[in-house]
Amino acid sequence: MRKLEPLTSFFAVSVILLGIGIYGLTTKRNALRILFSIELIYNAANLNIIAFARLRDPPIVAGQVLVLFTIALAAMEASVGLAIIMLVSRLNVDIDLRKLTRLKG
Amino acid sequence: MTDLTFLALATVTVASAILALEARDLVYGAAALGITFLGMAGLFFLLDASYVATFQIAVYIGAVVVLILFTVMLVGPQMGEPPMELKRLSLLTALLVSLLLGTAGSLTSATAFPGPDDCGFGCDLIGLSKTLINQYGVPLEFLSLVLAAAVIGALTLAKADRKG
């Protein structure tokens, strides 16, 4: 039987990823980088959910189901966000969010 | 106690997450993001969530990273980020936050959250699929509706000719 890694380590990785994501969200200007940061935060949340679902004996199956839903929703959000970025890049030259003034064609 | 596999996976995940945000070229950033997702799938494997890990690889690396790469190519080269200026205040804040987190982490003992070694039904593929279909069948259908709506919305947004 394989020994399970202490769940605290997984929480640590999750916190670090959340911190990196928030850092990118607040300091970056490129819209694509901000989308990267959002994806990182999604992943940190997923890891947290899976690790906490593993805590109980027996583990909670609903945690994994929830993460499956979250991954699908994150993919959906990324597709809509990338469509908006492409639209913005057609209307404006740059996708710098602080210089972005036009969203309507 | 700390498993070598876990250490390697965690290091790769965190390092490539930093690289995804800090790489000068957005293409390299997208590739690093893909490596982050791969490391995350490995961490899911370590937590005995093998189906979720497979789903993560299929959806994130198969769909999201490819979409991001396409968008990076279509949007074209961007002006680089202005070099980050490190103010004294932000350095102090970073120091304080890491000190706080480090103290909290060291106060928590490594075995404060002992998961059961044997996963059993909870990580079984059969158990997972039974729960998914029997208990969460209706949300699953709604999820497919939401996905269809998102696809239609993205197509409408990115449509080439906008007359209306």
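For the reader, a short list of remarks on this structure follows.
- Yes/no for A:I95 being farther than 30 Å from B:L145 by Cβ and more than 13 Å from the chain's Cα centre (by Cα): yes
- Taking the criterion of being surrounded by 19 or more Cβ atoms within 10 Å (Cβ to Cβ) and closer than 18 Å to A:A44 by Cα, the residues of the range A:74-89 that qualify are A:A74, A:A75, A:M76, A:A78.
- Count of residues meeting criterion [within 14 Å of B:F37 (Cβ to Cβ) and among the hydrophobic types (A, V, I, L, M, F, W, C)] in the range A:51-76: 4
- Within the range A:1-15, considering residues that are assigned to a helix (DSSP H, G or I) and not hydrophobic (A, V, I, L, M, F, W, C), the one surrounded by the fewest Cβ atoms within 10 Å (Cβ to Cβ): A:T8
Condition check ((1) modelled with pLDDT of 85 or more; (2) within 25 Å of the chain's Cα centre (by Cα)) across all residues:
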| site | (1), (2) |
| --- | --- |
| B:I61 | yes, yes |
| B:K87 | no, no |
| B:G105 | no, yes |
| B:A110 | no, yes |
| B:F121 | no, no |
| B:P139 | yes, yes |
| B:I152 | yes, yes |
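- Pick from the range A:16-45, criterion at the interface with chain B (Cβ under 7 Å from one of its Cβ atoms) and more than 30 Å from A:T101 (Cβ to Cβ), ranking: surrounded by the fewest Cβ atoms within 10 Å (Cβ to Cβ): A:I16
The values are calculated or read from the model by the stated rules, or taken from the named source; none is laboratory data. Note that the coordinates shown come from a computational prediction; the quantities given were computed from them, not determined experimentally. All Cβ positions, glycine included, derive from the backbone under ideal geometry; neighbour counts span all protein chains shown.
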